[in-house]
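Engineer: Below: one structure in structure tokens.
The values are calculated or read from the model by the stated rules, or taken from the named source; none is laboratory data. Just so we're clear, the structure is a prediction, and the values are computed from it rather than from any experiment. Don't worry about glycine lacking a Cβ; one is built from the backbone with ideal geometry, like all the others, and counts go over all protein chains shown.
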Amino acid sequence: HNALKKVNIIVTKTAEDDVLENRTFEISGTTEGGQEFKQTGATNSEGKLTFTDVPYGDYIVREIDAPNYYVVPDEQEVTINADKDVNLTFDNTLKKGSVQLIKVDSKNPDKKLSGAEFAVYKDTNGDGVYADTDELIGYMEEVSKGVYFYDNLPFGNYFVNETKAPEGYNLDPTFYGFVINSEDTVTVQNKDGVFVNEEIPTQPTTTPPDAPQTGQKSYVVPLLIIIILSVGVIIFFIIRNKKKNK
């Protein structure tokens, strides 16, 4: 029997998050001589894996057991019919989702509020409690009146924090945690599916102290009468004293 001709298949793994080690790949197919062939292996720290001594034949190479937060790359078909190593590259992109919130008046849920700002933070240690070490990712966009949105968030844990309230409303300083674990849109809420703000109470208008209050009796006229009478009494006594002195 003639010895089977063999080559190496070299797999190079790349990933959006740069995690390259211990990613498992499988090669399976039929040799030129009609025999079934199958191997599995894991990448090293540089994302490299070499399938050695692969006989001439037709094969499929695929990544297996990829974490669920990756978009699994397509399998690749390989035909080996020449004495030359084969190089294949597989790239993993991260699955991403989005977050939205709908901002409304606390007493009138039909009244949507514009002009707010919301910061999005990555929960770096995944403990669900905001810390100064958590990474600021960016700010939500107001895509329509009172509707705020942020897209392309890789699977993971995050926070939303209101950094600016709509004019005339109180700020909600709480850091609200949420999880992206699907490619759908997550809604952040602080009450009944929406994000409410309380309106700042209107301060009552005060009347200056020297202005007469509505409904109160004016003392201007009686005061003038008292002054006139007092002056009259003083004049009377002055005239009387002059007459006595004559």
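Engineer: List the residue pairs whose Cβ atoms are under 9 Å apart, where the first residue sits in the stretch 21-43 and is without any contact (Cβ under 8 Å) to a residue 40 or more places away in the chain, the second is assigned to a loop (DSSP other than H, G, I, E, B) and of a type in the set (A, V, I, L, M), and the two are 6 or more positions apart or on different chains.
Structural biologist: Note: pairs meeting the criteria are Thr31/Leu4; Gly33/Leu4; Gln35/Leu4; Thr43/Leu20.
Engineer: Exposed (fewer than 10 other Cβ atoms within 10 Å of the Cβ) and modelled with pLDDT under 95, is that true of Pro212?
Structural biologist: No, not satisfied.
Engineer: Consider the stretch 118-136. How many of its residues are of a type in the set (Gly, Ala, Ser) and more than 20 Å from Gln189 (Cα to Cα)?
Structural biologist: 1
Engineer: Also: Which ones in the stretch 19-47 are under 12 Å from Gly57 (Cα atoms), assigned to a strand (DSSP E or B) and in contact with a Leu (Cβ under 7 Å, 6 or more places away or on another chain)?
Structural biologist: Residue satisfying the conditions is Thr31 alone.
Engineer: Step by step: first the residues of the stretch 1-35, then only those that are of a type in the set (Lys, Arg) and touching a Gly at 6+ places or on another chain (Cβ under 9 Å), then the one that is nearest to Asp91 (Cα to Cα). Which residue is that?
Structural biologist: Among residues in the stretch 1-35 that are of a type in the set (Lys, Arg) and touching a Gly at 6+ places or on another chain (Cβ under 9 Å), the one nearest to Asp91 (Cα to Cα) is Lys13.
For every residue, the table says whether it meets (1) modelled with pLDDT under 95; (2) in contact with a strand residue (DSSP E or B) (Cβ under 9 Å, 6 or more places away or on another chain); (3) not β-branched (Val, Ile, Thr).
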{"site": "Tyr148", "(1), (2), (3)": "no, yes, yes"}
{"site": "Gln189", "(1), (2), (3)": "yes, yes, yes"}
{"site": "Val194", "(1), (2), (3)": "yes, yes, no"}
{"site": "Pro204", "(1), (2), (3)": "yes, no, yes"}
{"site": "Lys243", "(1), (2), (3)": "yes, no, yes"}
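Engineer: Within the stretch 162-192, how many residues are free of Cβ contacts under 8 Å to residues at least 60 places away in the same chain and assigned to a loop (DSSP other than H, G, I, E, B)?
Structural biologist: Matching residues across the stretch 162-192 total 9.
Engineer: What strands (runs of 3 or more DSSP E), lying completely within the stretch 56-142, carry at least 2 residues that are surrounded by fewer than 14 Cβ atoms within 10 Å (Cβ to Cβ)?
Structural biologist: Here the list reads 57-64, 76-80, 86-94, 135-139.
Engineer: In the stretch 1-49, what residues are at pLDDT below 95 and aromatic (Phe, Trp, Tyr)?
Structural biologist: Residues satisfying the conditions do not exist here.
Engineer: Report, by residue number, each residue of the stretch 79-125 that is among the aromatic types (Phe, Trp, Tyr) and either more than 27 Å from Asp192 (Cβ to Cβ) or touching a Pro at 6+ places or on another chain (Cβ under 8 Å) (or both).
Structural biologist: Answer for the stretch 79-125, where residues must be among the aromatic types (Phe, Trp, Tyr) and either more than 27 Å from Asp192 (Cβ to Cβ) or touching a Pro at 6+ places or on another chain (Cβ under 8 Å) (or both): just Phe90.
Engineer: Taking the stretch 53-93, which residues are charged (D, E, K, R) and closer than 22 Å to Leu4 by Cβ?
Structural biologist: Asp53, Asp58, Glu77, Asp83, Lys84, Asp85
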